[in-house]
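First comes the structure, then the notes that go with it.
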Amino acid sequence: KATRLNGYIINGTRYHTKSCELRRKTQNSGVMVKAKTSSYASAKDINPVEGDVAYYGYVTDIIE
């Protein structure tokens, strides 16, 4: 059975969904993930360069 939540505590940090924080002064719905990815300088490049890319977003739904 799945349950939809407005907030969740994981690793000692409390997160809330973006809609739950609309009227609050303090917010903790933002998340950032660093991912390693390979990229090419052009379509003719045969030597990929590995680097970190940061993805930013908000917690919109929590399902347990």
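Since every read-out is calculated from the coordinates, none of them should be taken as a lab result. Quick caveat: nothing in here was measured; it's all calculated off a predicted structure. Cβ: placed from backbone, ideal geometry, glycine included. Neighbour counts: every protein chain shown.
Which residues' amide hydrogens lie under 5 Å from the amide hydrogen of ILE62, considering only partners 5 or more residues apart or on another chain, with H built in the peptide plane?
When sequence neighbours closer than 5 places are left aside, the close amide H contacts are LEU5.
Which lysines, on any chain, are close to LYS36 with Cα under 23 Å apart, when same-chain ones fewer than 8 places away are left out?
Within reach: LYS44.
Given Cβ point charges of +1 (Lys, Arg) and -1 (Asp, Glu) and nothing else, what value in debye, to the nearest 20, does the dipole of the chain about its Cα centre take?
400 debye
Over the chain, with a single point scatterer placed on each C-alpha, what log10 of the ratio I(q)/I(0) does the Debye formula yield at q = 0.22, 0.23 1/Å?
Those come out to -0.92, -0.97, one per q.
HN-Hα J couplings of segment 29-36 from phi, Karplus 6.51/-1.76/1.60, θ = phi - 60°, integer Hz, Gly and Pro as x?
Values, residue by residue: 10, x, 9, 9, 10, 9, 10, 7 Hz.
Comparing SER42, SER19, SER29, which has the greatest mean-square fluctuation in the GNM of the chain with Cα pairs linked when under 10 Å apart?
Among SER42, SER19, SER29, the largest GNM mean-square fluctuation belongs to SER42.
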